[in-house]
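Asker: Have a look at this one.
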Amino acid sequence: MEIDEYFERLGHLAKIAKESNFTVYALVETPGSHAAMVAALLAFRESILTAEDENGLSGYLAIGFFAGRTHRERLAAFAMTFEIEHEWKRREVKRLCERYDSSQRLFQSVPGLLDKIRRRASGSQDFELIEVSAVNSVSGSEIYRVGNAFTKLCPYLSPGIVNWAQTEWPTAPAFVRLDAGYYSATQPLQLLTEATLVPANPRWLEDFSLRKGMKDFAAYYLLDRPPSERHAEYWDYHAKNVRRLEVHVERREDDYLTMIIEELPRPDDPSGLMIARCIHLDTHDPAFTPLGQVEMQHLDLAINVYEGEDREKRFAQSLQNGKVQAASFRTHLFRIEQTPFVSLFSFCEMFLESKVLLSEWLNELVSA
């Protein structure tokens, strides 16, 4: 067996586990009708165990999983379990970022929803977002009723963001990313999520002073500090795996300003992916317009996914010059149009992972 075939078969096992509602551990421990495939994969994984595997996996042996096997067999079983999870994540994120298509389960079940895909100013469809007004959230959750059945929001978008935006600006054009691969006749269980409080807008500069040709850039970094020094920073670094926040602002014309905000996680995640959260917006209000009167033409929330060498290339660059390594693949999650510029900070608070880095940026703005 070659390593490529090994990972291809892991992907197949991941699909079996998810579709059967099994945990990956349960499938590896009690494979049932898939015993031959699991045994072959375990034997291959054991044959390529390294000293690094030994050091990294030995701590899991105390859990007691995969009992009754040899030391090396148990190491191989843990390694394979984690690798199946990572392979599933890679495939699932790619699937979630695929452009909408009539062959996907959601559109096969509700073909009329294809007409509700967002249209650009040119009239062409973006094949990423669907009009919020075309679907209905169940009790403000991530579950949406579509036709006679149910689908879900893309899991990287909190339903609290959508609910808050619709409450604040019920007539603003808004669009969401639904999971086109999910459609169920029975209502699924809702996720237990932390309630999203209405965020406060921070103070800002007294005037909107970026003139044509001017650029602004800022970057904020998390350090690997001991938890006793800065607990919140330690949590964002180790639990949320965030590393950096970058902000690039540019006024290209007297009446056009654009901003990109990207939050970068660790580039060495075992899944092989670096999933960055990105916010993009623009406005046609000219410089020196009082901030309270500035309106965004649009605001987008998106994920940029970097894979393979793209991860290190992007992590080694910055948005200072406005152009960086393109994402391996990406998708928009949410779009809203014609809302106040100051609402940007509320969207940042709800969408970005690291509140420490966000606070550093906002504190620098209000103290400038």
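Asker: Exactly one condition in (1) open to solvent by less than 10 Å² (accessible area, probe 1.4 Å); (2) in contact with a Lys or Arg (Cβ under 9 Å, 6 or more places away or on another chain); (3) among the polar types (S, T, N, Q) is not met by N321; state its number.
Answerer: (1)
Asker: Continuing with this model, one more query. Which ranges mark the helices (runs of 4 or more DSSP H) fully within the range 38-124 that have 1 or more residues being aromatic (F, W, Y) and over 16 Å from A17 (Cβ atoms)? Full working, then the answer.
Answerer: On the way: elements: 51-57, 71-96, 105-109.
The qualifying helices (runs of 4 or more DSSP H) are 105-109.
Asker: Can you confirm whether the range 293-307 contains a residue that is among the small types (G, A, S), touching a strand residue (DSSP E or B) at 6+ places or on another chain (Cβ under 9 Å) and outside any strand (DSSP E or B)?
Answerer: The first filter runs over the range 293-307 and keeps only residues among the small types (G, A, S), leaving 302.
Now drop any that are not touching a strand residue (DSSP E or B) at 6+ places or on another chain (Cβ under 9 Å), which leaves 302.
Pick out the ones that are also outside any strand (DSSP E or B) and you get none.
Within the range 293-307, not a single residue is among the small types (G, A, S), touching a strand residue (DSSP E or B) at 6+ places or on another chain (Cβ under 9 Å) and outside any strand (DSSP E or B).
Asker: I'd like the residue in the range 265-285 that is more than 20 Å from the chain's Cα centre (by Cα) and part of a loop (DSSP other than H, G, I, E, B) and, out of all such residues, is surrounded by the fewest Cβ atoms within 10 Å (Cβ to Cβ).
Answerer: To start, the set of residues in the range 265-285 that are more than 20 Å from the chain's Cα centre (by Cα) comprises 282-285.
Applying the additional criterion that residues be part of a loop (DSSP other than H, G, I, E, B) yields 284-285.
Values: H284: 14, D285: 18.
Once the filter is applied, the top-ranked residue is H284.
Asker: Are there any pairs, at least 6 apart or on different chains, whose C-beta atoms fall under 8 Å, with the first in the range 274-286 and at pLDDT 95 or above and the second assigned to a strand (DSSP E or B) and basic (K, R), and if so, which?
Answerer: C278/R330
Asker: Shifting gears a bit: Consider the range 170-182. How many of its residues are open to solvent by 50 Å² or more (accessible area, probe 1.4 Å) and either within 18 Å of the chain's Cα centre (by Cα) or touching a residue at least 12 places away in the same chain (Cβ under 8 Å) (or both)?
Answerer: 1
Asker: So, one more: Looking at the range 52-63, can you tell me whether even one residue there is open to solvent by 60 Å² or more (accessible area, probe 1.4 Å) and either of a type in the set (A, V, I, L, M, F, W, C) or in contact with a Leu (Cβ under 6 Å, 6 or more places away or on another chain) (or both)? Spell out the reasoning first.
Answerer: As a first pass, look at the range 52-63 and keep what is open to solvent by 60 Å² or more (accessible area, probe 1.4 Å): 52, 54-55, 59-60, 62-63.
Narrowing further to those that are either of a type in the set (A, V, I, L, M, F, W, C) or in contact with a Leu (Cβ under 6 Å, 6 or more places away or on another chain) (or both): 62-63.
Within the range 52-63, one or more residues are open to solvent by 60 Å² or more (accessible area, probe 1.4 Å) and either of a type in the set (A, V, I, L, M, F, W, C) or in contact with a Leu (Cβ under 6 Å, 6 or more places away or on another chain) (or both).
Asker: Regarding L41, is this residue surrounded by 18 or more Cβ atoms within 10 Å (Cβ to Cβ) and either over 30 Å from F150 (Cα atoms) or at pLDDT below 95 (or both)?
Answerer: Values: surrounded by 18 or more Cβ atoms within 10 Å (Cβ to Cβ): yes; either over 30 Å from F150 (Cα atoms) or at pLDDT below 95 (or both): yes.
Answer is yes for this residue.
Asker: May I ask you to say which residue of E262, E246, E233 is assigned to a helix (DSSP H, G or I), at pLDDT 90 or above and acidic (D, E)? Reasoning before the result, please.
Answerer: Working: E262 fails: assigned to a helix (DSSP H, G or I); E246 fails: assigned to a helix (DSSP H, G or I).
Being assigned to a helix (DSSP H, G or I), at pLDDT 90 or above and acidic (D, E) holds for just one of E262, E246, E233, which is E233.
The values are calculated or read from the model by the stated rules, or taken from the named source; none is laboratory data. As the structure is a computational prediction, the values presented were derived from the model and not from experiment. Quick reminder, even Gly has a Cβ in these numbers, built from the backbone with ideal geometry, and neighbours come from all protein chains shown. Side chains are part of the model used for accessible areas, which takes the heavy atoms of the whole protein and leaves out ligands, DNA and RNA. Shrake-Rupley method; radii C 1.70, N 1.55, O 1.52, S 1.80 Å.
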